[in-house]
Structure formats: structure tokens, C-alpha cells
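Before any comments, here is the structure.
Any read-out appearing in this document is the output of simple, stated calculations on the displayed coordinates, not a laboratory observation. Small disclaimer: the values here were computed from a predicted structure and weren't measured. Methodologically, a virtual Cβ is constructed for each residue, glycine included, from the backbone with ideal geometry; neighbour enumeration extends over all protein chains shown.
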Amino acid sequence: MSKLDIVTIPDPILRTSSTQIERVDDEVRRLMDDMLETMYDAPGIGLAAVQVGVPKRLIVLDVSDDEDNPNPLFMANPEIVRLGEETRLHEEGCLSIPGIHVDIERPADVTVRYVDRDGAEQELTTDGLLATAIQHEVDHLDGKLIIDFMSRLKRDVVIRKFKKQVRA
Ligand code: NI
């Protein structure tokens, strides 16, 4: 496994729509493993392939807070097929926007369909932090970021700050 570079804003790739994965083959599995290592190293609880510069519909997650008992999830072509009616408020961060946190209210429980690391179709219904993280990562596949939940004024301040960092 190898650690990959994480893309940060304002890189335009983060605004692209990722494409479907045709087949979970060894190449995709290698990317999954590299993404997981990159995510653990950051550290983070979720990572989308577009965040390592690969605009394919692939996310990895691990919301377990016990380092000795990792619980990695690999989802190719994740599709949220049901959103619950209750909501959950969580202060979200993003590895592509370091240092920025946004309070976001999202549906508290979700059902997601995806293809796992072995190429098998799965359906998962979950709630809590994992439900929040899945929605955050699936947003990445459609070019959506946590700053889009901010007011336009605050978002522009954040974007300007990161553009300045790139120039410096
Ligand atoms: Ni993110």
C-alpha cells in the first residue's frame, strides 16, 4: 500500500462529477487500499477517490474510534436509496479543506447501495456518524463540498483564504 496526496480546494477537480466504476478489479482494489491508508494517516473517517485526484465513484470509510479494531468500509458506486425523516446535526470537517468546520444538518439515517471490495452488491442501512459520513462522501462524488452549506459570504471568505495559500 502507498500513501497518496490529498487534493485541497480550490483545485477544480473537487468540483467535477465522478464517473461510475465499471468493475471492481485489482486496480480498483489497490486504489481502495491506498485510499484507506491515506485516510488513516491523515487521519480522517472518510475519503472519496476524487480527493486523491481520481474522479471515480469510490469512497472508503471507517468511523470506529478504536485503532485496535478497525472497521473499514469500501464502497464503489455508492447510491443513497433512502434518507430518513429525522435529522442529525454534526460539525463536519473535510481533508480537502483543512482547518474548516461546518455545522451541517443531514438526514439521521440512510440506506446506501454499493459494490464492495469483492465486487458484490451490498445494501446497508445505518445511522449516527456513519450515516453522516456516507452522505458527506457521496456529496464529493457529485462535486459538492461542506462549504456549500455555508452562507455565500462565509464561503467566499474560505475560498479566498485557500486561493491565497496556493499563490503563497
Ligand atoms: Ni470531505
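So the values come out like this:
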item	result
Tally of residues being in contact with an Asp or Glu (Cβ under 8 Å, 6 or more places away or on another chain), in a strand (DSSP E or B) and buried (at least 16 other Cβ atoms within 10 Å of the Cβ) across region 93-109	4
Scope region 107-155; condition of a type in the set (D, E, K, R), more than 12 Å from the ligand (Cβ to nearest atom) and within 15 Å of the chain's Cα centre (by Cα); matching residues	ASP142
ILE104 vs. criteria of a type in the set (A, V, I, L, M), under 23 Å from SER17 (Cβ atoms) and over 15 Å from the mean Cα position of the chain (by Cα)	no
Residues (closer than 24 Å to ILE9 by Cβ and either surrounded by fewer than 18 Cβ atoms within 10 Å (Cβ to Cβ) or in contact (Cβ under 8 Å) with a residue 60 or more places away in the chain (or both)) located in region 61-74	LEU61, VAL63
Members of region 29-55 that are crowded, with 20+ Cβ neighbours inside 10 Å and over 14 Å from the mean Cα position of the chain (by Cα)	LEU31
Cross-chain or 6+ apart pairs with Cβ under 7 Å, region 149-168 first and at negative phi, then hydroxyl-bearing (Ser, Thr, Tyr)	PHE162/THR8
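Here's the yes/no breakdown for (1) surrounded by fewer than 18 Cβ atoms within 10 Å (Cβ to Cβ); (2) under 15 Å from VAL81 (Cα atoms); (3) in contact with a helix residue (DSSP H, G or I) (Cβ under 7 Å, 6 or more places away or on another chain):
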| site | (1), (2), (3) |
| --- | --- |
| VAL115 | no, yes, no |
| ALA120 | yes, no, no |
| GLY128 | yes, no, no |
| ALA131 | no, yes, no |
| ILE134 | no, yes, no |
| LYS144 | yes, no, no |
| ILE147 | no, no, yes |
